[in-house]
1. Can you pull a Stokes-Einstein diffusion coefficient for region 66-112 at 4 °C (1.567 mPa s), Rh from Kirkwood over Cα pairs, as a whole number of µm²/s?
2. At a 10 angstrom cut-off on C-beta neighbours, averaged per residue, how do the peptides 33-40, 101-108, 139-146 rank from highest to lowest?
3. If you average the sequence gap of Cα pairs under 8 Å that are 6 or more apart and divide by the length of the chain, what percent do you get for the contact order?
4. Would you calculate the separation in nanometres between label points at residue 107 and residue 120, each defined as 7 Å from the Cα along the Cα-to-beta-carbon direction?
5. Just name one of 149, 27, 92: the one whose Cα is farthest towards the positive end of the charge dipole of the chain (beta-carbon charges, Lys/Arg +1, Asp/Glu -1).
Amino acid sequence: LDRRWIGVAAQTVRACSSLFLLFISYTQGPVWAVYVCLFVNGAMRAFHAPARTALMTQIMPMVRFANAVRWNPSGFQLASGCGPALGGVVIAGFGCAWPVYALDHLTSLVNALCLASLRKPKGQFSREPLSKETLLAGLRFVWSTKVILGAVTLDLFAVLFGGLFVLIALFGRF
């Protein structure tokens, strides 16, 4: 499966989720709907992150790959800190939260368009056919390698609960 289209699909669903959050915020909709959107956002991040990482290995020249890997977490951490701060500035400027979701919607769409515009990566990668046995072998490997199991579990909780930063915009007015 082409990783670009996994990223495009995930970012498009995230854009729709942001649009729903915008509507919920604008109409002061029910809180349970916010949690549904947060769950969808977290699930899409869970699909997008591995696809983005795999795609990076295919589009980045090997001579620059190590440098890109070093800069990638720094960019993520910078965005994780500056994004909520920018959201607070937007809420303070507009006096309401829905413009933050509009901005998130637009940036998710731009991200999806950028991913869609990438050329198909060159080169063929050997791959075993997907079967029940290969899936179970992968699960057994992760279960038996405790370091990987811990990292995957930590990432799972970070992705599912990391979307709670979106709630900052809801409670920013209070």
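1. Details: Rh = 12.0 Å.
Roughly 108 µm²/s, to the nearest whole number.
2. Numbers: 33-40: 16.5, 101-108: 19.0, 139-146: 10.8.
Ranked by mean Cβ neighbours within 10 Å, highest first: 101-108, 33-40, 139-146.
3. Working: 133 pairs, mean separation 69.2, N = 174.
Across the chain, relative contact order equals 40 percent.
4. 3.2 nm
5. About the Cα centre, the residue reaching furthest to the positive side is 149.
The numbers here are math on the coordinates, done by the rules we state, and not lab data. Keep in mind that what you see is a predicted model, and the values were worked out from it rather than measured. Cβ coordinates were reconstructed from backbone atoms using ideal geometry, including for glycine residues, and neighbour counts include every protein chain displayed.
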